Every structure is written in C-alpha cells, then in structure tokens.
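Undergrad: If you scroll down you'll find the structure; I have some questions about it.
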Amino acid sequence: MNVVRSAGGRHNSDSYKAENENATSTHPISRPTCSITELMKKTNFSKEEIRHLYRTFKQDSPSGQVTKEQFASIFSTLFPTGECYRYAIFLFQNIDRSNTNIIRFEDLVTTFSLLVHGSIEARLGWIFDLYDINKDGIITRTELFQLVASIFQLIMPVGKLNYAPIMNAIQERTDELVDAWDIHGNGLVHKEDFLQYCLQNETIIRSVDKLTSGICL
C-alpha cells in the first residue's frame, strides 16, 4: 500500500501520513496491510485518530512491527521500579491474536478499538483472554496464579517476589478469584461463567470503564 504521495504529487487522502509529514525513512518499513479507510470501518476511529496512533507507533517501532522483546522494553518504561517482563509478554500474546510473534499496527489499533469502543461484554472478554494464557477458553488455577504473580511484580521492588509472605498473598488472591468465578466448583473458569459474574458486579464494571476510559489517543 502506498502511504506517501502519488506519482502525480497529489496527496493520497488514504495515506497514514499527514500532508506536512516527511515520507522518507532510513529504516526498512513493514507497512500496514489495509488502508486507513478500511481501518476506520473496522475500528470506528477517525482518520486523524488513526494517523496519530500510527505516528506514535512508528516512533517506538520505525520498522512498523514490534517483537516480544521490544514490546517488553517499551512497557518497562511504565514500571521502572518493578519487573514487568512476564506481564508484558502476557499482554503481547493477547494483542498478537494471529500468533505471528510480532505486533503490527493493525493488531494494536484493533485492540485499542475494542477497549475504547467495544461493549462491556467485549472488553471483559478481552480481559478473560488475557488471563487465559494458553487461549483454550478456560482459565486454570495455574494460569491465574501466573497472571496474578506478574501483576504483583509490576508494583514490587525487583527481586522481592519470592518472599514467602508475598507468595502466600499471591496464592490467596488467586484462590479468591477462582472461588468467585468458578461456578461449577471444579477449579476451572469458563468464559461464560466469568462474564456472568463480572456483569453482575457493578464494582467490576466501573473498574473496566475507568480503565478503558483512561486510554488516550
């Protein structure tokens, strides 16, 4: 897809670059596979919002794609005193829904669209998928423990996770969540049960609304 000016010099209105942007780059570029118009239809973002997201994306990833290691490095700037690698990888896997081991611009903007414009059911479904590490439609106690531990790591000083009181707190929180979400009492959390529980909990709904409303474009 041509994201610069057409051969005749006229600006391409479907370009990812604004008219006053320099189209040259010293980096090999992996360009978006669909046009801005197509992304507008898929995501309900405006052309200006998509261009803004694209500029921000290219600042961190001039090549047009992000690997796991790059994503973890970028994410680490948000939690400079904690260990964020494990949680960053879980996030990466939930954005990379095609299992290509890279995040392209389309992957990122589609995720933003779901979190900003999606229904409460869709947003809760995305959160469930984050907890469902192997993406088999069921959250196990082991998966939830890993996710909870990775969240603890975000806010704790480096190297403190293995302290017995911390591990006990992680296990207690994991057990609390499984007990709340596991309607069938078999230690497994199915998506429909997770959604049913969350949709009946006003505190959770407000928390999800607050979280997703904080995404700035």
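No lab work stands behind these numbers, since they all come straight from the coordinates. Everything numeric in this text was worked out from a predicted model, so none of it was measured. Here Cβ is always computed from backbone atoms with ideal geometry, including for glycine, and neighbour counts include all displayed protein chains.
Undergrad: Apply the Karplus parameterisation 6.51 cos²θ - 1.76 cosθ + 1.60, with θ equal to phi minus 60°, to every residue of segment 171-188 and state each ³J(HN,Hα) to the nearest whole Hz, in sequence, with x for glycine and proline.
TA: With coefficients 6.51, -1.76 and 1.60, one gets 5, 4, 5, 4, 5, 4, 5, 4, 4, 6, 8, 7, 5, 8, x, 10, x, 10 Hz.
Undergrad: Could you compute the net charge surrounding K191? Neighbours are other residues with a C-beta less than 10 Å from the C-beta of K191; K and R count +1, D and E count -1.
TA: Every neighbour counted, the sum reads -4.
Undergrad: Can you tell me the length gained on complete extension of the stretch T142 to T77, counting 0.36 nm per residue apart and subtracting the Cα distance?
TA: Working it through step by step, the gained length comes to 20.6 nm.
Undergrad: Contour minus end-to-end for S119 and I204, with contour as 0.36 nm per residue of separation and end-to-end as the Cα-Cα distance?
TA: 29.2 nm
Undergrad: Taking the Cβ-Cβ separation of N99 and E38 as r and a Förster radius of 22 Å, what is the calculated FRET efficiency to the nearest 0.05?
TA: Given R0 = 22 Å and the Cβ-Cβ separation, E is 0.50.
Undergrad: Give, as a single signed number, the net charge of other residues whose beta carbon lies under 12 Å from the beta carbon of D129, with Lys and Arg counted +1 and Asp and Glu -1.
TA: Summing Lys/Arg as +1 and Asp/Glu as -1 gives 0.
Undergrad: Would you kindly give the portion of the calculated P(r) for segment 118-217 that falls above 22 Å, as a percent of all Cα pairs?
TA: 35 percent
Undergrad: Suppose the chain between K47 and Q196 were pulled fully straight at 0.36 nm per residue; how much longer would it get relative to their current alpha carbon spacing?
TA: 50.1 nm
Undergrad: Give the aspartates and glutamates whose C-alpha is closer than 17 Å to that of K41, dropping any in the same chain fewer than 8 places away, or say none.
TA: Correct list for K41: D14, E49, E106, D107.
Undergrad: Follow-up question, since we're still on this one. Evaluate E = 1/(1 + (r/R0)^6) for Q171 and D60, where r is the Cβ-Cβ distance and R0 equals 35 Å; express this FRET efficiency to the nearest 0.05.
TA: The computed FRET efficiency comes out at 0.45.
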